[in-house]
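Right, one structure below, let's go through it.
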Amino acid sequence: MFIKRFLPCIYIKNGSAVTSEEDDSIIEADAYSLAMKYCRNQADGIIIYDLSEGMGDEAHEDTLKIIRAICGDSEIPVLASGNINKLEDVKKLIYAGCSKVILDYDKEVNILLTSAASGRFGKDKIYVSVSFPQTVQKNIEDLDRSLLTGTDTNYHSGNDADTGKVRDLAMKYASGVILKNIHALDLIESEMDLPIVICAKDLAFNKIIDYLKKESVSGVSGNVVSLNSDEISSIKEICSDNGIPIRRIESKLKWSDFKKGPDDLVPVIVQDYKNDEVLMLAYMNEEAFLNTLSTGLMTYYSRSRNEQWVKGETSGHYQYVKSLTADCDKDTILAKVSQVGAACHTGSRSCFFNDITDRDETDNSNPLLVFEKVYDVIKDRKLHPKEGSYTNYLLDKGLDKILKKLGEETSEAIIAAKNPDNQEVVYELSDLLYHMMVLMALKDISWEDVTAELARR
C-alpha cells in the first residue's frame, strides 16, 4: 500500500493564491507565504496551478518566479500544472525545481506533450490530471498508435476520453494520476496501475478515511486539504490509528530511554544538515520531544521562561527536522535540521561565533568550505570591486568574456587530461572551476542552487 499523502493546492493568479480555477477570490495575497505555511502544517507536497494562461508572457514569468522561490525553500515536493502548452513550459517548471509536472488531460495539447515530456525528463517527473465524467462515453475510434508517440495532432479528447486509451498513455509515460472527479475512481482504479491522488473541493471526514483505505489511492488534494491544512497533523494521527500508512517521524527511543539531568531535561546540539555547521545548543523536556516528533518542527524547553517553545514561531526562522540521533550514553541529542534564516537570536547564522582561541588556519583544504570561501570572495569582488583584481576584470568585461575564458579553460583541461601528469589536470580543472564560479556570481547562482539540482537528479 502507498504511503498516503496530503497535498494542498495553491492556485496562483497575479501573484496571489486564489480559491480555485473557477473562483479567483484571494485567500492569501502572498502565495509563497501560503506554501511555507503548508510546509509547517505537515503537508506531504504542494500542488501549484499556474492560472496565468491568456494573461501574457510577463504574467507567466512572474508566476514562474514565485514557483521557483517556493521550490527553493519548500521542505516538501512541489508539483505544478497549468499554462503548459509546449515542451518548453514543462522544462521551465522542472528547472524551477518542481519534482513533478502535471499534464492536464482536459487540454488536448497536454495529451500530445506526454510522450515528449516523459522522454525528455523521465517518466518519474510526469503526472497526468484527468476528470472523467461519471459515465465515460466510448465514442473515440480514431486514437491510434501514433498518439502514443505524441505525433497525432488531430486528437480531440475533452472529458469523453476513452479510459483505455488514456490508461495506455499514462501507464507508458507517467508515474501518477491526479483525479479531479472522485466519482470516477471506481471506473479508473482497475484501469490504471498508478498511484492516484484524488482531488476534492469538499469531502466528509469519514469519506477521506474511506478513500485513503483504498490501495489505489496514494493521497488527497484539493481545497478539502488546502482550506483545512491546520488539521493535517490531527488527520494523520487518526489515519495512523486506522492502520493507514502516513509520512511521519518515528522515534526508535522512548523519552524514558534518555538519561536526563536533575531538571529532567536533555541537551540538544543542533547542526545544519547540509554542511554540518553547529547552529545552537538548546534543551528538551518530554513535551518538547514529543511535539518535535509530531510536528517535524524543532521544539525546545526554555529554562529561563519555564515554557516550551517552537523555534521560529516568533522570528519565522523555523528548523525542520532531518534526523535525530542520541549519543552513546543517551544523554544528548544531535539534531540535524533544515534551518530557515538565522539560528541565533542575534541574527547570526550560528550561535557559535565568539572566538576563545586563535583559529588554526593552516588546514584550509576542507573541500566543502573551499568552494564556499572562493565563491564568497568572488561575490565580494562583485559587490566591492578591488583595483587590479582579475575577478573584477572578468566581471567588468561581462558575459561574453567569461564564456570565452570558460571555453578556453575547458579546452586546456581536455588537453591536460591526455597527458600522463595528473597534477596538470588538477591545475587546469582548478582554473575551470574558478571561471565557472565567476559565471555563477554573475548570474547570481549559488552552490546551493547547483547541489540542490544534483540532489534532485
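Going by Cα centres, the range 17-38 and the range 415-457 are how many Å apart?
40 Å
Within the range 300-347, report the trypsin sites (Lys or Arg not before Pro) that DSSP leaves as loop and that have at most 14 other Cβ atoms within 10 Å. Mind showing how you got there, number by number?
Values: sites: ARG303, ARG305, LYS311, LYS322, LYS330, LYS336; in loops: ARG303, ARG305, LYS311, LYS330.
Loop-located and lightly packed - ARG303, ARG305, LYS330.
For the range 1-137, what proportion of DSSP beta bridges, expressed in % and rounded to the nearest 5, is antiparallel?
Percent antiparallel among DSSP bridges in the range 1-137 is about 25.
Probe radius 1.4 Å, ligands and nucleic acids ignored: give me the carbon and sulfur share of the accessible area of the range 65-122 as a rounded percent. Intermediate results must be reported in sequence, preceding the final value.
Details: 1050 of 1980 Å².
Carbon-and-sulfur percentage of accessible area, whole number: 53.
Can you classify the range 216-272 as rounded, prolate or oblate using the Cα gyration tensor, where a ≥ b ≥ c are the square roots of its eigenvalues, rounded means a/c under 1.5, and otherwise it's prolate if a/b beats b/c and oblate if not?
Values: a/c = 2.92, a/b = 2.24, b/c = 1.30.
Note, shape of the range 216-272 comes out prolate.
May I ask what percent, to the nearest 5, of DSSP beta bridges between residues of the chain are antiparallel?
Working: 23 of 57 bridges.
Given both bridge residues lie in the chain, the antiparallel proportion sits at roughly 40 percent.
Per residue, how much accessible area does the chain show when a 1.4 Å probe rolls over the protein heavy atoms, in square angstrom? Walk me through the numbers on the way to the answer.
Working: 24000 Å² over 457 residues.
Here the residues of the chain average 53 Å² of exposed surface.
At most 11 other Cβ atoms within 10 Å and a DSSP loop assignment: could you name the GluC sites (Glu not before Pro) in the range 1-98 that fit? Before the final figure, lay out the partial values.
Working: sites: GLU21, GLU22, GLU28, GLU53, GLU58, GLU61, GLU75, GLU88; in loops: GLU21, GLU22, GLU53, GLU75.
For GluC sites (Glu not before Pro) across the range 1-98 that sit outside H, G, I, E and B with at most 11 neighbouring Cβ atoms in 10 Å, the list reads GLU22.
Under 17 Å Cα to Cα from LYS259, which lysines show up? Leave out anything in the same chain fewer than 8 places away.
Hits, sequence-local ones excluded: LYS330.
Relative contact order for the range 224-291: what percent, with Cα pairs under 8 Å and sequence separation of 6 or more? Please list the in-between numbers first.
Details: 42 pairs, mean separation 12.9, N = 68.
Normalised by residue count, the contact order of the range 224-291 is 19 percent.
Which of the peptides 38-49, 430-441 is most tightly packed, and how do the rest follow, judged by the mean count of other Cβ atoms within 10 Å per residue?
Working: 38-49: 23.3, 430-441: 18.2.
Order by mean packing, descending: 38-49, 430-441.
Nearest 500 deg cm²/dmol is fine: what mean residue ellipticity at 222 nm does the chain get from its DSSP H runs of n ≥ 4 alone, each adding -39,500 (n - 2.57), divided by its residue count?
Values: 15 runs with 173 residues, N = 457.
Rounded to the nearest 500, it is -11500 deg cm²/dmol.
Just order 255-263, 377-385, 220-228 by mean Cβ neighbour count inside 10 Å, highest at the front, would you?
Numbers: 255-263: 11.9, 377-385: 14.2, 220-228: 21.8.
My ranking of the peptides, most packed first, is 220-228, 377-385, 255-263.
Label the chain by shape, choosing from rounded, prolate and oblate, from the square roots a ≥ b ≥ c of the eigenvalues of the Cα gyration tensor; if a/c is under 1.5 it is rounded, and otherwise prolate applies when a/b is larger than b/c, oblate when it is not. Please report the intermediate quantities before stating the final value.
Numbers: a/c = 2.11, a/b = 1.19, b/c = 1.77.
Oblate, because a/c is 1.5 or more while a/b does not exceed b/c.
Cα atoms only: what Rg and Dmax, in Å, come out for the range 180-339?
19.6, 62
For every other residue with a beta carbon closer than 10 angstrom to the beta carbon of GLY296, add +1 if it is Lys or Arg and -1 if Asp or Glu, then tell me the sum.
Working: positive: ARG40, ARG247, ARG248, LYS322; negative: GLU75.
Surrounding charge for GLY296 is +3.
Taking the square root of 5 times each eigenvalue of the Cα gyration tensor, what semi-axes in Å does the equivalent ellipsoid of the range 304-457 have, largest first? Kindly include the intermediate steps, with their values, before the conclusion.
Numbers: eigenvalues 303, 85, 57 Å².
Equivalent ellipsoid of the range 304-457: 39, 21, 17 Å, largest first.
Taking θ as phi - 60°, what are the ³J(HN,Hα) couplings along the range 336-341 by the Karplus curve (6.51, -1.76, 1.60), each to the nearest whole Hz, with x for Gly and Pro?
9, 9, 9, 8, 8, x
Report the number of Lys pairs in the range 339-457 whose alpha-carbons are under 23 Å apart, with separation of 8 or more residues or on distinct chains.
Counting lysine pairs in the range 339-457 gives 26.
Aspartates and glutamates near LYS260 by alpha-carbon distance under 17 Å, same-chain residues fewer than 8 away left out - which ones?
By straight Cα distance, LYS260 reaches GLU286, GLU287, ASP327, ASP329, ASP331.
Tell me the relative contact order for the chain as a rounded percent, counting alpha carbon contacts under 8 Å between residues six or more apart.
Numbers: 752 pairs, mean separation 47.1, N = 457.
Relative contact order for the chain comes out at 10 percent.
Report the Cα centroid-to-centroid distance between the range 188-266 and the range 386-411 in angstrom, as an integer.
Taking the Cα centre of the range 386-411 as reference, the centre of the range 188-266 is 52 Å away.
Please list, or write none, the lysines whose alpha carbon is within less than 17 Å of the alpha carbon of LYS172, excluding same-chain residues fewer than 8 places away.
LYS100, LYS123, LYS125
Contact order normalised by length for the range 83-134, with contacts defined as Cα pairs under 8 Å and 6 or more residues apart; what percent is it?
The value is 38 percent.
The values are calculated or read from the model by the stated rules, or taken from the named source; none is laboratory data. Given the structure is predicted, the values throughout are model-derived calculations rather than measurements. Methodologically, a virtual Cβ is constructed for each residue, glycine included, from the backbone with ideal geometry; neighbour enumeration extends over all protein chains shown. Surface areas here come from the heavy atoms of the whole protein model, side chains and all, with no ligands, DNA or RNA. Shrake-Rupley method; radii C 1.70, N 1.55, O 1.52, S 1.80 Å.
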